[in-house]
Amino acid sequence: MDITTQKPAAPPAPGPAAPEDKRAARGATRPGDRIFLGLSRGSGIFVLVLMAAIAAFLTYRASLAISKDEANFFTSFEWNPTGVPPEFGIAVLAFGTIVSSIIAMVIAVPISVGIALFITHYAPRRLGGTVAYVIDLLAAVPSIVYGLWGAIVLVPHMDGLYGWLDDYLGWTGVFAWEGGPARSLLTVGILLALMILPIITNVSREVFRQVPRMHEEAALALGATRWEVIRMSVLPFGRSGVISASMLGLGRALGETMAVAMVLSPSFDISASLLDAGGGTFAQNIASKFNEATVMGQDALIASGMVLFVITLLVNGAARLIIARRKEYSGANA
Amino acid sequence: MAKRIDVSGLNAYYGSFLAIEDISMTVEPRSVTAFIGPSGCGKSTFLRTLNRMHEVTPGGRVEGKVMLDDENLYGAGIDPVAVRREVGMVFQRPNPFPTMSVYDNVAAGLRLNGKYKKSQLDDVVEKSLRGANLWNEVKDRLNKPGSGLSGGQQQRLCIARAIAVEPNVLLMDEPCSALDPISTLAIEDLIGELKERFTIVIVTHNMQQAARVSDRTAFFNLAAVGQPGKLIEIDDTERIFSNPSVQATEDYISGRFG
């Protein structure tokens, strides 16, 4: 009954009320909204401007150095930016950075995924909590401490592993060892693996914990064992998360400075064997040389830093591609 | 191969909380038995004791006997994983494996059980999807993700996945509660066909559904919140809905309850 009496009032009254409605629909008319919009837009623009300014500065300084470089910037094994003529290239640094990070990833990713699965799916709740807590602590150790430990403890204790690798895999050349100090890319890779393990473990753990119960029960109800549940439900669901976690770890490994500088004995050559002392990484090279560098030397280091930046960007882009490629199969649209 | 279920003196716990107490019943092969009762009365918990899924919830524990023909599911040396291969289950919310295609979803159970030739798998997948009345809708997109189907189709996909391994018993935990009426009708028709081959137990909140699909109906109730759920009575569906022998059943069915 009420409905019939209200009906005539239903269409909105035309006239002076209309423009007000229009403004309300667009939002941002109240002072609070306007201020907040201004603040958030300003912050966003500020970040972009800052990034652009940094990029412009680095590009300018780097171009100064590269334009004077008499050697090939990408393939030269020299690093002599103050020489006459200046000759420097990033081949050794790129090789060292990429190889030590690959070693770190190969070691850290499987172990991290294993620990994360143990914490979320195998360990009794209390033990899992304790392990997770200890891993969190590992993430909080400063990298200089890892560096000290690496130089003082890890390097002198690598002989056994190096000897074993030389005995069984030395014939490949990649694992040949002539008995020098273990200040090599392999030791750096192992140390980096330890350093990136906590971040990969923590992120993977959170992802595995979020696997919907119903996906696990689907596998259980088919008669899946615990491992089969992990294979059918947990790992596919967590796949993109584990890739993201690995990329976070890889980012840290690529950019790690002090720990690498303390363990590696740097040299500007590429050895066929990962066990030979020597080599270098972008970040380590910058840290070791920047303080004593001339303006030209600094510019050259900045140029190498930009290459590291581009490598990191490419790696992240590749990871996003991998994640997006099978998006329709991801757990997100379940 | 449909088998008879014979439950006697079954208690199920969550930690120290007794959720269902002293349940005994028999479920005949090639029949549909419906469990009805108010929320929290333990029907789903009881259903999950029939394929040993109850014990995967933390603190879940069961006492008593569940005989599948002449084998006690809770006997010594019985592997719960093997039990679940014999007693299939369909859940309340459709849960196809989101990372798998339609085909892989149906084949998942078989692949767990061992190596099959591609042609064998093809046959079983087609047969199971036909059995779940889904074949005509998905035959052109077997390699598309299962999670891209509609809710009703996903639920039938889950039924196809469950029947692909030829279980002896099929448990359904409110299989239509997340579906629209048309999809519900499709599943109910399917249940009528599946009972030719399987022993079916279905939990439902929808009493018309229980009346439509089941041969026997069991009514569960609990005295109060915090008290264990109990089986009040089990009888032919017709009798439960026309002339139940316990007053509480009649009150519940006619909506006068509590």
Pairs only if they're at least six apart or on different chains, beta carbon under 7 angstrom, first in region A:206-221 and within 8 Å of chain B (Cβ to nearest Cβ) and among the aliphatic types (A, V, I, L, M), second assigned to a helix (DSSP H, G or I) and surrounded by 21 or more Cβ atoms within 10 Å (Cβ to Cβ); list them, first residue then second.
-> A:ALA218/A:SER233; A:ALA219/A:VAL229; A:ALA219/A:MET232; A:ALA219/A:SER233; A:LEU220/A:VAL229; A:LEU220/B:ARG84; A:ALA221/B:ARG84
Out of A:SER100, A:SER43, A:SER76, A:SER67, report the one residue that is polar (S, T, N, Q) and in the same structural domain as A:VAL174 (by TED's automatic domain parsing).
-> A:SER100
Return the total of residues in region B:237-258 being of a type outside the set (Ser, Thr, Tyr), farther than 22 Å from B:SER31 by Cβ and in a loop (DSSP other than H, G, I, E, B).
-> 4
Restricting region B:42-60 to residues that are among the hydrophobic types (A, V, I, L, M, F, W, C) and surrounded by 21 or more Cβ atoms within 10 Å (Cβ to Cβ), the residue that is nearest to the other protein chains (Cβ to nearest Cβ) = B:MET53
Conditions (1) facing another protein chain (nearest Cβ under 8 Å); (2) modelled with pLDDT of 90 or more; (3) buried (at least 17 other Cβ atoms within 10 Å of the Cβ): number failed by B:VAL124 | (1)
Residue identified as in contact (Cβ under 8 Å) with a residue 60 or more places away in the chain, within 11 Å of chain A (Cβ to nearest Cβ) and within 30 Å of B:ARG216 (Cα to Cα) among B:VAL165, B:VAL169 = B:VAL165
Here are some residues: A:ALA300, A:ALA277, A:ALA283. Which one is in contact with a Pro (Cβ under 6 Å, 6 or more places away or on another chain) and either within 15 Å of A:ILE90 (Cβ to Cβ) or charged (D, E, K, R) (or both)?
-> A:ALA300
Residue list for region B:207-236, restricted to those being at pLDDT 90 or above and in a loop (DSSP other than H, G, I, E, B) | B:SER214, B:ASP215, B:PRO228
Selection over region B:173-206 where residues are assigned to a loop (DSSP other than H, G, I, E, B) and closer than 22 Å to B:CYS41 by Cβ yields a count of 8
If you scan region B:73-100, which residues turn out to be among the hydroxyl-bearing types (Ser, Thr, Tyr) and within 8 Å of chain A (Cβ to nearest Cβ)?
-> B:THR99
Kindly indicate whether A:LEU185 is buried (at least 21 other Cβ atoms within 10 Å of the Cβ) and within 28 Å of A:LEU117 (Cβ to Cβ).
-> no
Among residues of region A:249-261, those that are surrounded by fewer than 23 Cβ atoms within 10 Å (Cβ to Cβ) and more than 15 Å from A:LEU308 (Cα to Cα), counted | 2
Within region B:146-172, restricting attention to residues that are outside any helix (DSSP H, G or I) and out of contact with any strand residue (DSSP E or B) (no Cβ under 6 Å at 6 or more places or on another chain), which residue is nearest to A:LEU222 (Cα to Cα)?
-> B:VAL165
Residues being of a type outside the set (S, T, N, Q), in a loop (DSSP other than H, G, I, E, B) and either crowded, with 20+ Cβ neighbours inside 10 Å or at pLDDT 90 or above (or both) - total across region A:277-298 | 2
Residue match in region B:145-155 (condition: within 14 Å of another protein chain (Cβ to nearest Cβ), in contact with a Gly (Cβ under 7 Å, 6 or more places away or on another chain) and hydrophobic (A, V, I, L, M, F, W, C)) = no
Which listed residue is surrounded by 14 or more Cβ atoms within 10 Å (Cβ to Cβ), within 22 Å of A:THR281 (Cα to Cα) and small (Gly, Ala, Ser), from A:ALA123, A:ALA176, A:ALA132 | A:ALA176
Restricting the first residue to region B:66-89 and requiring it to be in contact (Cβ under 8 Å) with a residue 12 or more places away in the chain and over 12 Å from B:VAL165 (Cβ atoms), which pairs with a second residue that is basic (Lys, Arg) and surrounded by fewer than 17 Cβ atoms within 10 Å (Cβ to Cβ) meet a Cβ separation below 7 Å and a spacing of at least six or different chains?
-> B:TYR74/B:LYS65
When B:TYR103 is evaluated against the numbered criteria (1) within 24 Å of B:ARG156 (Cα to Cα); (2) in a loop (DSSP other than H, G, I, E, B); (3) of a type in the set (Ser, Thr, Tyr), which criterion, by number, is the only one it fails?
-> (2)
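Each row is one residue, and each column tells you yes or no for (1) within 12 Å of another protein chain (Cβ to nearest Cβ); (2) within 17 Å of the chain's Cα centre (by Cα).
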site: B:ARG111; (1), (2): yes, no
site: B:GLY131; (1), (2): no, yes
site: B:ILE182; (1), (2): no, no
site: B:LEU194; (1), (2): no, yes
With respect to B:VAL66, is the statement that it is assigned to a helix (DSSP H, G or I) and either within 13 Å of chain A (Cβ to nearest Cβ) or in contact with a strand residue (DSSP E or B) (Cβ under 7 Å, 6 or more places away or on another chain) (or both) true?
-> no
Among (1) on the phi < 0 side of the Ramachandran plot; (2) of a type in the set (Gly, Ala, Ser); (3) buried (at least 21 other Cβ atoms within 10 Å of the Cβ), the one test that B:SER16 misses | (3)
Restricting attention to helices (runs of 4 or more DSSP H) lying wholly within region A:158-260, give those where 1 or more residues are under 19 Å from A:ILE135 (Cα atoms).
-> A:185-209, A:235-255
Say whether the condition of being surrounded by fewer than 17 Cβ atoms within 10 Å (Cβ to Cβ) and over 17 Å from the mean Cα position of the chain (by Cα) is met by at least one residue in region A:84-105.
-> yes
Tell me which of these B:ASN143 doesn't satisfy, since it passes every other one: (1) assigned to a helix (DSSP H, G or I); (2) under 14 Å from B:SER101 (Cβ atoms).
-> (1)
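The values are calculated or read from the model by the stated rules, or taken from the named source; none is laboratory data. Bear in mind the structure is a predicted one, so any value in this text is a computation, not a measurement. Heads up, the Cβs are rebuilt from the backbone with ideal geometry, glycines too, and the neighbour counts pull from every protein chain shown.
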